[in-house]
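Asker: The structure under discussion is supplied below as structure tokens; questions concerning it will follow.
The values are calculated or read from the model by the stated rules, or taken from the named source; none is laboratory data. No experiment lies behind these values; they were computed from the predicted model shown. Don't worry about glycine lacking a Cβ; one is built from the backbone with ideal geometry, like all the others, and counts go over all protein chains shown. With ligands, DNA and RNA removed, areas are computed over all heavy atoms of the protein, side chains included. Shrake-Rupley method; radii C 1.70, N 1.55, O 1.52, S 1.80 Å.
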Amino acid sequence: SNHGLSVVGWYHSHPTFQPNPSVTDIENQASYQQLFQGDNEKDDDGGDDDDASTSTAASPFVGLIIGTYDGQNPTSESVMRWFHVISKKAEGKDVNYPMQLKTTHRHFRVLDDELRPAMTSQGAIIRQGLESK
């Protein structure tokens with residue numbers, strides 16, 4: 001955040017099959033959305049929103065699965081599947097459902113040599129938080 005950037009998602013690949021979210025992918029995405037809920041929510045004055053922890057707004061945290069190779073693909077181009085999850089009650093239990101996202105790809109800035117190490121150190125902090133759950 002010191003560089004005006006926020007973590008907004010995660011990605012991984014399904015190297016030999018279609019990039020449809022697995023049960024593990026769906027549960028991981030739900031955990032990430034919970035972990036990052038409120039991180040990007042700010043008051044109009046730019047300060048942290050005290051009510052962010054109780055917000056029911058959708059988290060801006062997304063998942064991306066890349067299918068790098070699959071014989072069913074019509075071309076050799078990788079298939080990218082962006083998604084988030086929503087939780088609904090089913091038979092008295094909360095069940096997470098993947099929801100595909102339609103995306104527009106844009107490129108805004110190049111990461112400089114100073115920014116890369118900062119992003120890496122933040123990744124370590126995120127991993128530690130997830131592992132402690």
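Asker: Looking at region 71-94, which of its residues are of a type in the set (A, V, I, L, M) and touching a strand residue (DSSP E or B) at 6+ places or on another chain (Cβ under 6 Å)?
Answerer: Once the filter is applied, which keeps residues that are of a type in the set (A, V, I, L, M) and touching a strand residue (DSSP E or B) at 6+ places or on another chain (Cβ under 6 Å), region 71-94 yields Val79, Met80, Val85, Ile86.
Asker: Looking at (1) loosely packed, with under 12 Cβ neighbours inside 10 Å; (2) modelled with pLDDT under 70, which one does Glu91 not meet, given that it meets all the others?
Answerer: (2)
Asker: Any idea how many residues of region 1-37 are farther than 27 Å from Lys88 by Cα and modelled with pLDDT under 85?
Answerer: Count: 8.
Asker: Limited to region 62-81, what total is found for residues that are in a strand (DSSP E or B), open to solvent by less than 30 Å² (accessible area, probe 1.4 Å) and farther than 22 Å from Ala30 by Cβ?
Answerer: 0
Asker: Here is a further query. Do the conditions hold for Arg127, that is, is it among the basic types (Lys, Arg), modelled with pLDDT of 65 or more and not in a helix (DSSP H, G or I)? Steps first, please.
Answerer: Numbers: among the basic types (Lys, Arg): yes; modelled with pLDDT of 65 or more: yes; not in a helix (DSSP H, G or I): no.
In short, no.
Asker: Would you call Asn40 at pLDDT below 90 and open to solvent by 30 Å² or more (accessible area, probe 1.4 Å)?
Answerer: It is true that Asn40 is at pLDDT below 90 and open to solvent by 30 Å² or more (accessible area, probe 1.4 Å).
Asker: Please go through region 95-105 and pick out each residue that is hydroxyl-bearing (Ser, Thr, Tyr), touching a strand residue (DSSP E or B) at 6+ places or on another chain (Cβ under 9 Å) and part of a loop (DSSP other than H, G, I, E, B).
Answerer: Result: Thr103, single match.
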